[in-house]
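**Q** Structure provided below as structure tokens; questions to follow.
The values are calculated or read from the model by the stated rules, or taken from the named source; none is laboratory data. Predicted model, so just to flag it, every value in this text is computed and none were measured. Here Cβ is always computed from backbone atoms with ideal geometry, including for glycine, and neighbour counts include all displayed protein chains. Just so you know, the surface numbers come from the protein's heavy atoms only, side chains and all, with ligands and any DNA or RNA stripped out. Shrake-Rupley method; radii C 1.70, N 1.55, O 1.52, S 1.80 Å.
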Amino acid sequence: MTTIFGLSHAATLLLWTVIAIAFLIVFISKFKWNPFVTLLLSSILLALLAGMQPGDAVTSITKGLGGTLGTIAIVIGLGTMLGKMMAESGGAERIATTLIDRFGDKRVHWAMMLVGFLVGIPVFFEVGVILLIPIVFIVAKKTKMPLLQIGIPVLAGLSTVHGLVPPHPAPMIAIDAYDANLGKTILYSILIGLPVAILAGPLFGKFIGKRIQVEPDEKLVEQFAMKEQRTLPGFGITLFTILLPVILMLIGSIASIADPKATSAFTRFCEFIGHEVIALLIAVVFSFFSLGFARGFSKEQVSKFASDSLAPIAGIVLIIGGGGAFKQVLIDSGVGQAIADLATNAHINVLLFAWLVAALIRVATGSATVAMTTSAGIVAPVLAMTPGANVELAVLATGAGSLVLSHVNDAGFWMVKEFFNMSVPQTLKSWTMMETILSVAGLILILIVSAFV
């Protein structure tokens, strides 16, 4: 690729990236173009500007779209079926009613943050959103609280765990790369994660909920609404059904930690049932019985619920895939590596360096997991050359950096936008700001703790 205006190769790549992102934002927000189409056009624009061959650009786009949807499409489909069963049986309403009764209308958003934090420990962010979105809708409706005041705390809990708390895959990558102690990392992650989740969740959620009034898409509300009055299922069986995939994934994570080389058949079995696709599949089948047949529904009704749940998510799935295509072009065009190279030349505190590297890669690629994985390889040699560095806190600094400034190249951005029926500017003001608060507050707390340990 040729450079322009005397800029370096890396600076030129960053300039083209800014132009492609500006194109994306303007055409979606101002001209109201379909996000999926605009994401594909922006991906092509960036690829060609960055000097990729047309054939390579198409390969990158299809690879990114297919790679993103390979698991997420299955997860969203199964998770939506589970949410539909909870809605039709009244299970989501039972959980919402119990939370409201226990915490009261004025404090229920605190409960939602804790639910997001706990559910998110062994599951990917997208899985947690799918599992909890029906409860968010129902709690907001029953309490008459702003949707974002209920939703933001859930998202904050899920996102904090995604970036900071083992045995989530992203932190585990850094723990392995930095040779950190798992027990200490978990202790620090809870010590730091809970305060930042509170700040970005219930506190920020209350602030932004009053300023951005949104209503969920009527089709999704209809899908997650109980269609007729009936006796609600028990709280225990409903909670077990929604937590079943969480429990199975946690079993898989614990087995992997206890036997990392999977030497026993039992470990391999636990890892199998703990895979997010298998865990959700088991939970969906279980829900057919616990929330379906046991509630008096016929097999035809249960089958119809599962089929009807898929239509409203088709657009969401394509948009998330488009975000994955854009992310892959950013990676294949060399933008992520260019940013990493620029950050490596900075001479700063090693914890701040870990945060900055992850943050820059996150902004460039849109993926917290990619940011965590890539930056771990960059930061590990620097840590090795820094005597006395706290490697456990370096894991958390990397994780905090991987959460910052989620925007249009992040599949999570589009998932949140579509589920909460927000415009791009509204999503930037709420979700993007929440992620940035999590990241920056996490960094500040990490630096404070580092002064004492």
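**Q** Assuming R0 = 22 Å, can you tell me the calculated FRET efficiency for the pair Ser8 and Val58, based on Cβ-Cβ distance, to the nearest 0.05?
**A** 0.20
**Q** Then there's this: To the nearest 20 debye, what is the magnitude of the charge dipole of the chain about its Cα centre, counting +1 on the Cβ of each Lys and Arg and -1 on the Cβ of each Asp and Glu?
**A** 1020
**Q** Quick one: which of 54-61, 430-437 comes out on top by average Cβ neighbours within 10 Å, and what's the full order, highest first?
**A** 430-437, 54-61
**Q** What net charge is computed for the residues neighbouring Gly67, neighbours being all others with C-beta under 13 Å from the C-beta of Gly67, Lys and Arg scored +1, Asp and Glu -1?
**A** +1
**Q** How much net charge surrounds Ile100 when only other residues with a Cβ under 13 Å from its Cβ are counted (Lys, Arg +1; Asp, Glu -1)?
**A** +4
**Q** Give the separation of the Cα centroids, segment 378-404 to segment 81-112, in Å.
**A** 39
**Q** What's the carbon and sulfur percent of segment 9-59's accessible surface, probe 1.4 angstrom, rounded to a whole number? Mind dumping the intermediate values first?
**A** Working: 1940 of 2540 Å².
The C+S portion of the solvent-accessible surface of segment 9-59 is 76 percent.
**Q** Also, quick follow-up: Among the helices of the chain (complete DSSP H runs), which have Cα atoms covering no less than 20 Å along the helix axis and a Kyte-Doolittle mean of at least -1.0?
**A** Helix filter hits for the chain: 9-29, 35-49, 54-89, 125-143, 147-164, 182-198, 235-258, 314-332, 350-365, 368-384, 433-450.
**Q** Something else about it: How large a share of the accessible area of segment 68-172, in percent, is made up of carbon and sulfur atoms when the probe is 1.4 Å and the other protein chains stay in place?
**A** So the carbon and sulfur contribution to the accessible surface is 62 percent.
**Q** Sticking with this structure for a sec: Of Val329, Leu13, Val302, which is farthest on the positive side of the dipole of the chain, counting Cα position, with +1 on Lys and Arg Cβ, -1 on Asp and Glu Cβ, and the Cα centre as origin?
**A** Working it through, the farthest residue towards the positive pole turns out to be Val302.
**Q** Please compute the per residue accessible area over the chain with all protein chains in place, 1.4 Å probe, rounded to a whole number of Å².
**A** Solvent-accessible surface per residue comes out at 40 Å².
**Q** Put a dot 7 Å past each Cα toward the Cβ at Asp217 and Leu182; how far apart are the dots in nm?
**A** Simple spin-label model gives 3.9 nm for this pair.
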